[in-house]
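Below: one structure, written as structure tokens.
Only the coordinates and a few stated rules stand behind these numbers; no lab work does. Only a predicted model underlies this, so the values are computations on that prediction, with no experimental measurement involved. Here the Cβ is made from the backbone with ideal geometry for all residues, glycine too, and neighbour counts use every protein chain on show.
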Amino acid sequence: GTRAKFAFMDFTVNLDNGLRMRDEAGELGPTSHGEGTATVTGTLRCLYRGANPIARFLDDDAVSLAAIAQDLAGNAYVVEVPSVKLTKLPRNAGGTNSDIINEIAWSARKHPTEGVSLRIVRFP
């Protein structure tokens, strides 16, 4: 497939590990925790740059997201979501002399061959 590129303005990642507390009568605080399904969601606010996210949204295409950041010590971090479903994509018309900016909501899918929903890699 082709790689669509967006000029990111904001990129958020939300991880809900699905844990729940189990309380019992007569006990102070939870006595155990239940495990649930982890979900990874987020948003990205971007400028259009030769990409067509609306077509990918309507076609239910799987896309991937990656962002690179660097800390003050010079370490690089890659945050990658290898399989993403675009869940909300408003159509913004933009105005005269203005850019088209969309805030796209997304939800991670478990990648079919890699078996992960989120990957964070640090490079010194």
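Backbone geometry of the stretch 115-123 corresponds, through the Karplus equation with coefficients 6.51, -1.76 and 1.60 at θ = phi - 60°, to 3J(HN,Hα) couplings of x, 10, 10, 8, 9, 10, 10, 10, 10 Hz, x marking Gly and Pro. Here the label points at Asp99 and Ser64, each 7 Å from Cα along the C-beta direction, are separated by 2.5 nm in the simple model. Length gained on full extension, Ala76 to Phe123, computed as 0.36 nm times the residue gap minus the Cα-Cα distance: 16.4 nm.
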